[in-house]
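Down below is the structure, laid out as structure tokens.
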Amino acid sequence: MNDVQIFTTPILDGIKIRQYKGIVIVRNVRAINIIRDFFTHFRDIFGGRSESYQEVMKSMQDDVIAEAKDEARKLGANAIVGFSLDYDNVGSKNKSLLMASAKGTAVVID
């Protein structure tokens with residue numbers, strides 16, 4: 001089977017959905033490095049981009065997309081429609097976790 005295609009829209013213009021296989025939900029949670037948090041705090045005050053957080057988020061994005069594609073393949077699908085990816089900060093003051101969650105519908109398309 002070819003690579004699973006991912007679409008953010010639930011309806012595909014010009015592509016027929018042959019079969020709906022089910023919902024795909026994937027989560028990825030990572031602890032945030034305390035040193036990274038310390039330096040990010042200064043960036044929050046003075047402004048600027050946090051490249052270290054962007055690297056973590058990009059890595060999480062790549063992992064979540066790969067896992068979603070794997071889950072779709074297990075269901076016998078070749079595409080995911082209505083795909084969305086969100087990030088949340090989970091944890092307390094002393095422990096910070098970053099969670100990426102994605103969901104969509106696994107389908108078979110032409």
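Multiply the residue separation of Lys58 and Ala31 by 0.36 nm, subtract the distance between their alpha-carbon atoms, and state the gained length in nm to one decimal.
8.2 nm
Starting from the Cα-Cα distance between Ser84 and Ile23, subtract it from 0.36 nm times their residue separation and give me the gain in nm to one decimal.
20.8 nm
Read-outs throughout are calculated quantities, based only on the coordinates presented, and are distinct from any laboratory measurement. All figures in this text were calculated on a predicted structure; none of them were measured in a lab.
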